[in-house]
Amino acid sequence: MTRVAPDAPARRSLLGDARRGKLADNVVAFGRALRRAGVPLDAARIALAQQALQCVGVERRGDVAAALEAVLVSREQDRAVFRELFDAFFRDPDLAHKLLAQMLPRAEAPAAPPPQRPRVREALQPPRPPGAAPRTQPDQSVDLDAAMTASERVRLRQADFNQLSASEYTLVERLVRDIALAVPEVRARRTRAGWRGPRVHWGRTLQGAAHSGGEVMALHRLQRRRQPLPLLLLVDVSGSMERYARLLLAFLHAATRQVQGQRVRRDVFTFGTRLTDLTAAFRLSDTDAMLQQAGGAIEDFAGGTRLGDSLATLRQRHARRLVGRRTLVLIVSDGLDTGEPQVLARELTWLRRHTRRLLWLNPLLRFDGYTPSARGAAVLHRACDGMLAVHNISRLHDLARGIAQILKT
Amino acid sequence: MPPIPAPAAPTPLASIDALIAALQTVGYYADRRLATAVFLALRLQRPLLLEGEPGVGKTELAKALAQVLGRELLRLQCYDGLEQREALYEWNYAAQLLHLRAAEGRGTVEEAEREVYQPHYLIRRPLLQALQAPAPGAVLLIDEVDRADEPFEAFLLEYLGEYQVSIPELGTVRAVATPLTVLTSNRTRELNDAVKRRCLYHWLDYPERERELAIVRARVPEAPAALAEQVAGFVHRLRSAPYAGHFQRAPGIAESVEWAKALVALDALLLDPEVVQSTAGVLFKQREDVAALSTELITEALSPEGA
């Protein structure tokens with residue numbers, strides 16, 4: 001049934017007449033534009049959107065917007081894009097057609113694009129051929145004698161993470177194979193059949209009983225499964241850690257793959273003067289792809305360190321990722337913090353209260369007999385459940401072993 | 001898609017306006033966008049995924065809908081480690097064992113098995129109950145689905161797509177009438193895209209000031225009009241730009257209603273910084289947030305003009 005009354009010409013003005021297929025065309029075109037703006041959509045959704053419009057009718061613009069949004073959007077972050085695009089698209093039929101024409105490749109006379117956010121604007125423009133603007137990336141040179149001092153200035157620099165060279169790739173893979181990261185396990189709430197455990201697996205037991213004429217020969221049990229603890233990785237990408245960041249991220253990515261395989265949370269952030277969320281990048285299975293995305297995301301590469309402020313951001317924006325207070329936090333940092341020690345202490349206390357363990361891997365230590373006396377380092381040392389100082393981590397190998405070692409404690 | 005059934009004339013299903021009005025009679029003030037999403041979920045027979053901050057009325061919506069539609073509300077509270085036997089069905093093993101004992105010596109093993117696996121011995125959990133609910137169907141609330149783990153989500157995917165489950169010993173159970181399914185999520189993690197694709201999506205925002213006032217008035221009728229007005233205005237301001245940055249978690253609707261009740265209990269006629277501070281524990285549940293609610297901040301937020 002359709003709610004578009006046949007004798008209501010006014011209702012056709014917004015989206016055209018459903019029976020003549022204009023509505024369908026417009027919805028399809030709108031869906032295409034949305035997809036170009038990065039909203040994940042498939043053909044089934046668009047078909048559903050048309051059904052939805054038939055249900056609510058097209059008399060009221062607000063209803064059309066709400067109906068399309070309910071069907072076409074499935075993430076909170078897409079809502080703003082949807083609304084702007086909807087406004088641009090359905091402001092009036094003429095503009096919609098102009099935009100439609102504009103979306104076709106080779107369209108002439110580009111109408112003035114509405115002042116919208118870049119994603120929306122791009123979606124309304126003819127598609128660019130892929131690979132148009134390759135980024136040139138300078139080689140990352142590893143200079144082992146660079147002075148290790150944290151910059152006081154807020155320096156914003158995009159991290160240029162090259163893809164792994166063949167030798168680096170084999171190195172990372174070999175390390176992952178040789179040095180097993182033992183992510184501690186806990187007993188999960190889920191169970192599996194077994195022979196020990198407090199609860200009886202009645203289904204299994206009964207199956208056995210049915211085969212022996214109702215006689216219970218053995219009691220099968222429900223055993224709690226084991227699963228690794230959720231991981232939260234906090235990696236320092238400030239100036240003093242600059243040289244390690246790329247390979248360290250590559251190693252962590254490859255080494256915690258098994259955790260990801262078991263569908264346990266793995267949240268990854270880098271920090272320098274600000275906090276960058278790399279969780280999505282780490283979800284990519286390919287390490288090169290991860291490095292590329294990470295390089296694009298990190299904006300404070302090789303700058304100063306403000307761990308306290310970064311942790312405050314973590315608390316304010318991402319606190320809900322620390323579900324159940326059983327996350328294992330691994331901080332890889334030299335502890336040369338330039339922020340306020342009080343802030344750092346407060347944030348670390350908060351983090352500790354909301355996680356299971358807080359581990360700190362400190363790779364600064366080039367000197368034997370180092371004690372964490374720098375301001376930030378002292379605070380970190382007090383707050384952490386475990387600290388491991390790795391002397392001389394000129395090789396990724398030592399760093400990897402350090403991480404494995406501290407996870408065992 | 002099955003043909004969409006024509007609704008009977010006076011039901012809340014007739015139009016979006018009728019749905020809004022019906023929800024209002026049970027004390028749920030939905031805005032038009034939300035009502036449109038619900039309306040579509042009913043018409044297109046799709047599950048509705050609600051996301052939003054805690055305390056914006058996600059669970060309440062399902063309750064209100066059950067009341068309005070005259071359907072049974074079945075609630076599945078998700079938690080870490082939720083398994084199929086707690087969500088779908090489980091055999092009543094103790095009874096089965098008794099049966100086997102009683103039938104001992106009679107009949108063959110196959111007969112015993114057949115007798116034991118009767119619907120009679122089945123313990124129905126919410127998801128199965130929702131399929132078997134009679135004619136108008138049930139309202140199925142799958143609460144905090146983000147707390148369950150991903151294998152459960154994969155199972156849910158199948159369930160929401162077909163509305164049928166197969167019980168190996170009994171065969172396939174199909175929905176008598178498609179339940180109206182409402183999923184809620186607090187976004188502790190992103191849900192699987194495939195699950196989202198099955199659902200209509202609505203992000204529930206904090207209500208605008210007028211709607212919150214209406215909710216407070218409806219829920220706390222004994223509150224003086226001026227006080228309700230102040231409560232709605234104050235909470236609304238705490239959630240908006242300059243103030244929201246001070247707090248980890250802004251108070252939800254549930255909190256403002258509770259707060260209004262608390263103020264009534266204290267015989268407060270108007271808000272002043274002292275009263276606000278002494279009842280801050282109703283609005284905020286974190287020590288840092290309570291501490292952030294300083295006297296200056298309260299005075300500023302209470303001042304009539306400025307936002």
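Throughout, read-outs are computed from the coordinates displayed, never taken from laboratory work. Predicted model only: the values in this text are computed from it and were never measured. Heads up, the Cβs are rebuilt from the backbone with ideal geometry, glycines too, and the neighbour counts pull from every protein chain shown.
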_Can you tell me the length gained on complete extension of the stretch B:Arg287 to B:Glu110, counting 0.36 nm per residue apart and subtracting the Cα distance?_
57.4 nm
*With Cβ to Cβ distances under 9 Å as the rule, what net charge do the other residues near B:Ala133 carry (K, R +1; D, E -1)?*
0
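With a Förster radius of 22 Å, plug the Cβ-Cβ distance of A:Gln405 and A:Arg225 into 1/(1 + (r/R0)^6) and report the FRET value to the nearest 0.05. Working shown, then result.
Values: r = 27 Å, r/R0 = 1.21.
It comes to 0.25.
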*Note the angle between two axes, namely the Cα long axis of helix B:209-219 and the longest principal axis of the Cα atoms of chain B, as a number of degrees from 0 to 90, rounded to the nearest 10.*
70
*Taking amide H positions as placed 1.01 Å from N in the peptide plane, with prolines and chain starts having none, which residues 5 or more places from B:Val182, or on another chain, fall under 5 Å of its amide H?*
B:Leu48, B:Leu140, B:Leu141, B:Ile142
*Tell me, what is the FRET efficiency for B:Ser166 and A:Arg79 to the nearest 0.05, using R0 = 56 angstrom and their Cβ-Cβ distance as r?*
0.90
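Work out the mean other chain Cβ neighbour count within 10 Å for the residues of B:35-44 and drop it here as an integer.
Numbers: counts 2, 13, 6, 1, 7, 12, 2, 1, 8, 8.
Across B:35-44, the average partner-chain Cβ count within 10 Å equals 6.
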*Report the label-to-label distance for A:Asp288 and A:Asp178 in nanometres (one decimal), using points 7 Å from each Cα along the Cα→Cβ vector.*
2.4
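Which shape class applies to the range A:282-363: rounded if a/c is under 1.5, otherwise prolate when a/b exceeds b/c and oblate if not, where a ≥ b ≥ c are the square roots of the Cα gyration tensor eigenvalues?
Verdict is oblate for the range A:282-363.
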*With a 10 Å radius around each residue's Cβ, average the other Cβ atoms per peptide and rank B:237-246, B:124-133, highest first.*
B:124-133, B:237-246
*Specify the residue with the greatest mean-square fluctuation among B:Thr172, B:Thr59, B:Thr108, computed from a Gaussian network of chain B linking alpha-carbon atoms under 10 Å apart.*
B:Thr108
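For chain B, calculate the relative contact order in percent as a whole number, restricting contacts to Cα pairs under 8 Å that are 6 or more residues apart. Mind showing how you got there, number by number?
Numbers: 449 pairs, mean separation 61.1, N = 307.
That works out to 20 percent.
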*Taking each residue of B:82-95 in turn, how many C-beta atoms of other protein chains fall within 10 Å of its C-beta, and what is the average?*
2
*Could you tell me how many degrees, from 0 to 90 and to the nearest 10, lie between the Cα long axis of helix B:225-239 and the main elongation axis, the longest principal axis, of the Cα atoms of chain B?*
80
_Tell me which GluC sites (Glu not before Pro) from the range B:195-287 have a DSSP coil assignment and no more than 10 other beta carbons within 10 Å of their own._
B:Glu222
*Enumerate the calculated ³J(HN,Hα) couplings along the range B:286-303 in order (Karplus 6.51 cos²θ - 1.76 cosθ + 1.60, θ = phi - 60°), each rounded to whole Hz, writing x wherever the residue is Gly or Pro.*
10, 4, 4, 5, 4, 5, 5, 7, 7, 4, 4, 5, 5, 4, 5, 6, 7, 4
*Which residues' amide hydrogens lie under 5 Å from the amide hydrogen of A:Leu231, considering only partners 5 or more residues apart or on another chain, with H built in the peptide plane?*
A:Arg265, A:Arg266, A:Asp267, A:Leu328
_Over the range B:209-302, what is the relative contact order in percent, taking alpha-carbon pairs closer than 8 angstrom and at least six residues apart?_
31
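How crowded by other chains is B:268-280, given as the mean number of beta carbons from other chains within 10 Å of each beta carbon? It would help to have the intermediate numbers written out before the result.
Details: counts 0, 0, 0, 0, 0, 0, 0, 0, 0, 0, 0, 0, 0.
Across the residues of B:268-280, the mean count of other-chain Cβ atoms within 10 Å is 0.
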*What number comes out for the charge environment of A:Asp385, summing +1 per Lys or Arg and -1 per Asp or Glu over other residues with Cβ under 10 Å away?*
+3
*3J(HN,Hα) from dihedral phi, the range B:269-275, Karplus parametrisation 6.51/-1.76/1.60, rounded to Hz, x for glycine, proline*: 9, 9, 7, 9, x, 5, 5
*How much mean residue ellipticity at 222 nm does chain B get from its helices, if each DSSP H run of length 4 or more adds -39500 (n - 2.57) and you divide by all residues, to the nearest 500 deg cm²/dmol?*
-13500 deg cm²/dmol
